Protein chains: 4
Amino acid sequence: MVDGCPAGLPISEDEVQAELDKRRPLSTTYSTTRKERDRVRIVSGVFNGHTTGAPICMVIANEDVDSRPYEDFRVKPRPGHADYPAIIRYGGFHDYRGGGRFSGRITATLVAAGAIAKKLLSLVGVEVYAHVSQIGRAMAGREPSVDELRRVYENPVRCAVPEAVEAMEGELRKAVEEGDSLGSMVEGYAFNVPPGLGDPMFHGLDSDLAALLFAVPGVRALCLGRGFEAPSLKGSEFVDEYVVDRERITTVTNNCGGVIGGLSIGTPMHVRVAFRPPSTIRKEVRTVNLMTMEATTLKATGRYDPCIGPRAVPIVESCLALVLVDHALNQGLIGAVLK
Amino acid sequence: MVDGCPAGLPISEDEVQAELDKRRPLSTTYSTTRKERDRVRIVSGVFNGHTTGAPICMVIANEDVDSRPYEDFRVKPRPGHADYPAIIRYGGFHDYRGGGRFSGRITATLVAAGAIAKKLLSLVGVEVYAHVSQIGRAMAGREPSVDELRRVYENPVRCAVPEAVEAMEGELRKAVEEGDSLGSMVEGYAFNVPPGLGDPMFHGLDSDLAALLFAVPGVRALCLGRGFEAPSLKGSEFVDEYVVDRERITTVTNNCGGVIGGLSIGTPMHVRVAFRPPSTIRKEVRTVNLMTMEATTLKATGRYDPCIGPRAVPIVESCLALVLVDHALNQGLIGAVLK
Amino acid sequence: MVDGCPAGLPISEDEVQAELDKRRPLSTTYSTTRKERDRVRIVSGVFNGHTTGAPICMVIANEDVDSRPYEDFRVKPRPGHADYPAIIRYGGFHDYRGGGRFSGRITATLVAAGAIAKKLLSLVGVEVYAHVSQIGRAMAGREPSVDELRRVYENPVRCAVPEAVEAMEGELRKAVEEGDSLGSMVEGYAFNVPPGLGDPMFHGLDSDLAALLFAVPGVRALCLGRGFEAPSLKGSEFVDEYVVDRERITTVTNNCGGVIGGLSIGTPMHVRVAFRPPSTIRKEVRTVNLMTMEATTLKATGRYDPCIGPRAVPIVESCLALVLVDHALNQGLIGAVLK
Amino acid sequence: MVDGCPAGLPISEDEVQAELDKRRPLSTTYSTTRKERDRVRIVSGVFNGHTTGAPICMVIANEDVDSRPYEDFRVKPRPGHADYPAIIRYGGFHDYRGGGRFSGRITATLVAAGAIAKKLLSLVGVEVYAHVSQIGRAMAGREPSVDELRRVYENPVRCAVPEAVEAMEGELRKAVEEGDSLGSMVEGYAFNVPPGLGDPMFHGLDSDLAALLFAVPGVRALCLGRGFEAPSLKGSEFVDEYVVDRERITTVTNNCGGVIGGLSIGTPMHVRVAFRPPSTIRKEVRTVNLMTMEATTLKATGRYDPCIGPRAVPIVESCLALVLVDHALNQGLIGAVLK
């Protein structure tokens, strides 16, 4: 359910579907083979090919849920999953099938909403991209160009730096062989963000983006620009000096990732998002039988994603798009163009 | 203005003041000598020594603002500050004195609100702490004990690991001599958080905390638990296995920092917050004269904080307390005790 | 989509359906013969017969929409309907079929949500009722008893005062014969509301209820207690004096309708809601052709509701229930009972 | 605290004060002689004579509060006041001095906020007015003209129909002599509201306005247009037919009060607000001693307002202005003009 989209935006189910397809598991060794078709249906808010100004309700049916294994997890909660705290939080009444509201599947809704946000942003020239910059020990090694980012969906690991793809594939292959999983890093970019977008304090671009990204299962850390390195740096190394370039103000470096004081400064927005390794692995892990309060173990048998990063690329793009479009609408940037 | 505090909590101006005093600049070489007394006055919401259930309005007068330097920054925006995007955002009408809404002084309000949150949390046994774990290249080296955290305000760098204090002081001294500044890391902890606190998706403990922390000027990155290292780790290394300890469920490790799926799991909540080095340094930095669009430079002459971390310790504690108390109130934990 | 319902409430589709059936048009001369079956399907938030704590999504499919007449209304807007302002508001992009978001059909969602609210309120003994107290010139003449209110759905005009039913039916019959419609008054009651429920100022019980009721198409006025008469009365006539009755505090009169300063005082909550006569009538009404800006006329040919009141009875009940349950949840009254 | 006002609006303390002065009690027999000077001070959000885009904090000090009588009301709650439910709601911890949050004094804040809203609306030509149309049995008898509304503050009863003033004064004089009070009706108007302003359902102009007006102490009923009479009318009498007037669409009648489906239709917005007679009268009223649970009585001795209406005129104007400006800002109407 997407509220706040103005009337008159041309949008089709196919456009939303194209974004959802980017999130689908790949038919490769790296990804889960659970069937997740994610067919979207727009049931309200779009009429004659345009948004109506009413809330846009999109439905993605869950077609393949085998609830049996999840029943076990009510007694033997899976480490690294929300099974145990959810039992406490909802007194055992929560819908545990497929992991319920704590499943990664909920991110399909972010991607569907993100499709609309991207379309709105395109009206004012803002573009968002993301790619996988690290899988286990394999790193991208450099920043990708905009052109490389545009081709990110051409390789299965979704890394926009071509020379790094092979090493990442190697890491994934090894992890699958060991029955283990790997952490990953996804980096998101927004280009052509006008300066002065955002709000101070509780609704800064960074605050809003952080809140949204931490709603994505598996996100454990994030930074803007070179934020992860900030504690080790000096002011003279970190500060982004202003210069004039082709009659516009810009900065020499972009260590701040495009945002200061919650406001955009006109340089590309740049965010790094650290994903944990998936908790479902083919190795024995210790847990507790909640009925007997005795120690026990679990070991996954099916096939699961060995890494979150590749599937999270369209999600990070969507989070960026949703935050930017929200502020752009509030500040009247898009309304002026849509009419 | 603190809304949502239930009636009947005993609280005094002195208690709030004691928290604010933790944020005051120290009379040392490390910190700014601008006079910031931060005297708090509670003007509504507390009556006969107890909260009334009405919004609590606390006023901290700004006693020492010399607005002259800030007028220059409207023409020559300071790199690393919000001067430039604020001019765009507010069409030049914003109140630039003292840095306005983008100044670090706004965090005094978080600390005042945090004082009330901590008092409420104490009713259910939850305790929050923070300390500086890194300044430049000097690191704490290990996790502090709870007892060490309780004594964190005894040393000027607010590092709870005693053997690391000297090196941090050395880093600061050197930075001050060079007219430079340093980045820092603050780590926050919440103990005795009951399992099942929080909400999934957009109002997870982690989402709410991230949004609040990114509202603090200078925060550039954050993680829960070992989040910064997550991309390099395997699932078998990262997953927190469940065990029984004294008839309660707990985990062997706490890599998740106490939160999964937005919900607490009963282990200590642990967050790391990376602060940028302050942008105001006694070195020349390039900027642009907005009137003439010509290159120019700025160089600070007064005395400013060379590092954010030490003063940010009570702020990180307050952010933790505010998020936890919000969920604890919503879930009825505190109401039951207060009556 | 109902958010905020705690986990563990037993609820079934049949219970929600039973409430929706109260809103269905009657197979009589008085009501529209458009087919509106309003079959509800709960698609999330309920599992194993209990609420899960997740948002409850209920779908009521719109089975019988002939969009053709509504296309004409884009050029010749119907007086008394939202056709004209909606064209301006949404730039012509809104979904006009069946009246879209401005149709009375949207109130089915309030009734579905109200079914859950009523069930939650029943846990703490609160009961809500409503009945039609006026249709055109026919009035109920007196307040109904609680027993009479419980039997309100037994007669087609939904008036709980048996001796007034015939006159109301007569008014309706005459209006139908004339091709005209009639205004009506619905009165709502809540019994066993504990004192001290609500909030002052912007979220008083009365403020919240007024906002919700004015969202119902056709509502044009409302009052609490004897509010409609208040301007003509003296303080000595209006003030509700406190007395002790069976060791509890109550009032002699209930002119305030149970609410003072946004808070309940423990007497029955009583609201009167005035509905306009439906604008669709079998008489010619003047309008403007928006293309040519020339005067033209419209005249309804199909069959429509001659009066809103009878179908609005479950809607007013639902609005009362939704407001009360919201405050009861916030104040922890229901959580304590549900566990 | 007014949030959401864009930067760049010229506004001064004097302009806000001029609005507050309209709410001051008159030096006549009709009104309270408690000293209420209501001096406003703008402490943030305005700089160099213009709004900054930051929240506007205005302080109105409470200079004359004698808390002693209110202490008694904790044991013997005043009928018709919120004393009793507030004791229950806040467990006896609320600040009862001067009636606290339930006092009519809180409406000064609405008038201060309304001053800013009126100024913003003036940028797009929207004007709001109100007047007293009924005091006890004395009625205005007809609608006032716009010119008459502009002169409403020239007579002490704030009735814009000159020939009705004397009878209203007579009613008030008689009530004061009897030690009694009178109910009243205030009617509010907004002119030049463009069509298509508002939102459907929960944030219609009417829903928002009703919520705000019911936050005003003493409001017991309200309607749009001829809403109070709607139950007695036929569709053919109530429907507002569209006609063309000077190339613009308008209606023959304005029974809907300018709002259909939550949206403005371009005709004047018209609301009627019924105020109860004040509960404080110089006659004995029954109450209960909460300590002993025994019957007792109260009788006011000081001087109080015998009627709410005259002082409520600027409050109703402010509520109209606040709701309209909120939607006008959201729909980008004002932003376009302010730049």
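Of note, B:Leu197 satisfies the criterion of being in contact with a strand residue (DSSP E or B) (Cβ under 8 Å, 6 or more places away or on another chain) and more than 7 Å from chain A (Cβ to nearest Cβ). The single condition from (1) under 19 Å from the mean Cα position of the chain (by Cα); (2) over 25 Å from B:Arg282 (Cβ atoms) that B:Pro162 fails is (1). Among the conditions (1) at the interface with chain C (Cβ under 7 Å from one of its Cβ atoms); (2) in contact with a helix residue (DSSP H, G or I) (Cβ under 7 Å, 6 or more places away or on another chain), the only one that D:Asp206 does not satisfy is (2). The test for being within 14 Å of chain C (Cβ to nearest Cβ), closer than 14 Å to B:Thr52 by Cβ and assigned to a helix (DSSP H, G or I) holds for D:Gly98.
Restricting region D:101-112 to residues that are small (Gly, Ala, Ser) and away from every other protein chain (no Cβ under 12 Å) leaves a set whose member that is nearest to B:Thr52 (Cα to Cα) is D:Ala108.
Selection of region C:178-188 for residues being out of contact with any Lys or Arg (no Cβ under 7 Å at 6 or more places or on another chain) and open to solvent by less than 10 Å² (accessible area, probe 1.4 Å) yields C:Ser184, C:Val186, C:Gly188.
Can you pull out the residues in region A:148-175 that are touching a Phe, Trp or Tyr at 6+ places or on another chain (Cβ under 7 Å) and within 16 Å of B:Leu233 (Cα to Cα)? Passing the criteria: only A:Leu172. One residue stands out in region A:320-332 among those that are assigned to a helix (DSSP H, G or I) and at the interface with chain D (Cβ under 10 Å from one of its Cβ atoms): the one that is most open to solvent (accessible area, probe 1.4 Å), namely A:Asn330. For region D:62-111, taking the residues that are closer than 19 Å to D:Arg24 by Cα and acidic (Asp, Glu), the one that is most open to solvent (accessible area, probe 1.4 Å) is identified as D:Glu63. One residue alone among D:Gly188, D:Gly183, D:Gly218 is more than 7 Å from chain C (Cβ to nearest Cβ) and touching a helix residue (DSSP H, G or I) at 6+ places or on another chain (Cβ under 6 Å), and that residue is D:Gly188. Scanning region B:284-319 for residues that are over 29 Å from B:Arg150 (Cβ atoms) and open to solvent by less than 10 Å² (accessible area, probe 1.4 Å) yields B:Thr287, B:Val288. Among what's in region A:256-275 and is open to solvent by 10 Å² or more (accessible area, probe 1.4 Å) and farther than 17 Å from B:Ile87 by Cα, pick the residue that is farthest from the other protein chains (Cβ to nearest Cβ). Result: A:Pro268. The set of residues from region C:238-278 being among the charged types (D, E, K, R) and in a loop (DSSP other than H, G, I, E, B) comprises C:Asp240, C:Glu241, C:Arg246, C:Glu247, C:Arg276. When region C:189-210 is filtered for residues that are under 25 Å from B:Gly53 (Cα atoms), open to solvent by less than 20 Å² (accessible area, probe 1.4 Å) and of a type in the set (A, V, I, L, M, F, W, C), the ones remaining, listed by number, are C:Val193, C:Leu197, C:Leu205, C:Leu209, C:Ala210. The set of residues from region D:232-255 being hydrophobic (A, V, I, L, M, F, W, C) and within 7 Å of chain C (Cβ to nearest Cβ) comprises D:Leu233, D:Phe238, D:Val239, D:Val243, D:Val244, D:Ile249. Here the condition is being touching a residue at least 12 places away in the same chain (Cβ under 8 Å) and more than 17 Å from C:Asp3 (Cβ to Cβ); of C:Gly45, C:Gly53, C:Gly92, it holds for C:Gly92 alone. Scoring B:Gly91 on the criteria (1) in a helix (DSSP H, G or I); (2) within 14 Å of chain A (Cβ to nearest Cβ) leaves a single failure, condition (1). Would you confirm, using the coordinates I've provided, whether D:Val186 is in contact (Cβ under 8 Å) with a residue 60 or more places away in the chain and not acidic (Asp, Glu)? It is true that D:Val186 is in contact (Cβ under 8 Å) with a residue 60 or more places away in the chain and not acidic (Asp, Glu). Within region D:287-305, residues that are modelled with pLDDT of 95 or more reach partners that are aromatic (Phe, Trp, Tyr) with beta carbons closer than 6 Å, at six or more positions or on different chains, in the pairs D:Thr287/C:Tyr242; D:Val288/C:Tyr242.
For region B:115-167, filtering for residues that are open to solvent by less than 20 Å² (accessible area, probe 1.4 Å) and touching a Pro at 6+ places or on another chain (Cβ under 7 Å) leaves 7. Exactly one residue out of B:Val239, B:Val243 is aliphatic (A, V, I, L, M) and surrounded by fewer than 24 Cβ atoms within 10 Å (Cβ to Cβ), and it is B:Val243.
Yes/no matrix, rows are residues, columns are (1) closer than 28 Å to A:Thr267 by Cα; (2) of a type outside the set (Asp, Glu):
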| site | (1), (2) |
| --- | --- |
| A:Val146 | yes, yes |
| A:Leu149 | yes, yes |
| A:Glu154 | yes, no |
| A:Ala160 | yes, yes |
| A:Val165 | yes, yes |
| A:Met168 | no, yes |
| A:Glu177 | no, no |
| A:Gly183 | no, yes |
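Scan region A:216-230 for residues that are crowded, with 24+ Cβ neighbours inside 10 Å and farther than 15 Å from A:Val186 by Cα and jot them down. The one that is crowded, with 24+ Cβ neighbours inside 10 Å and farther than 15 Å from A:Val186 by Cα: A:Ala230. Scanning region B:25-59 for residues that are open to solvent by 50 Å² or more (accessible area, probe 1.4 Å), touching a helix residue (DSSP H, G or I) at 6+ places or on another chain (Cβ under 8 Å) and modelled with pLDDT of 55 or more returns B:Arg39, B:Arg41.
The values are calculated or read from the model by the stated rules, or taken from the named source; none is laboratory data. It should be emphasised that the depicted structure is a prediction, and the values quoted were computed from it without experimental measurement. As a convention, Cβ positions derive from the backbone with ideal geometry for all residues, glycine included, and neighbour counts pool all protein chains shown. SASA here: full protein model, heavy atoms, side chains in, ligands and nucleic acids out. Shrake-Rupley method; radii C 1.70, N 1.55, O 1.52, S 1.80 Å.
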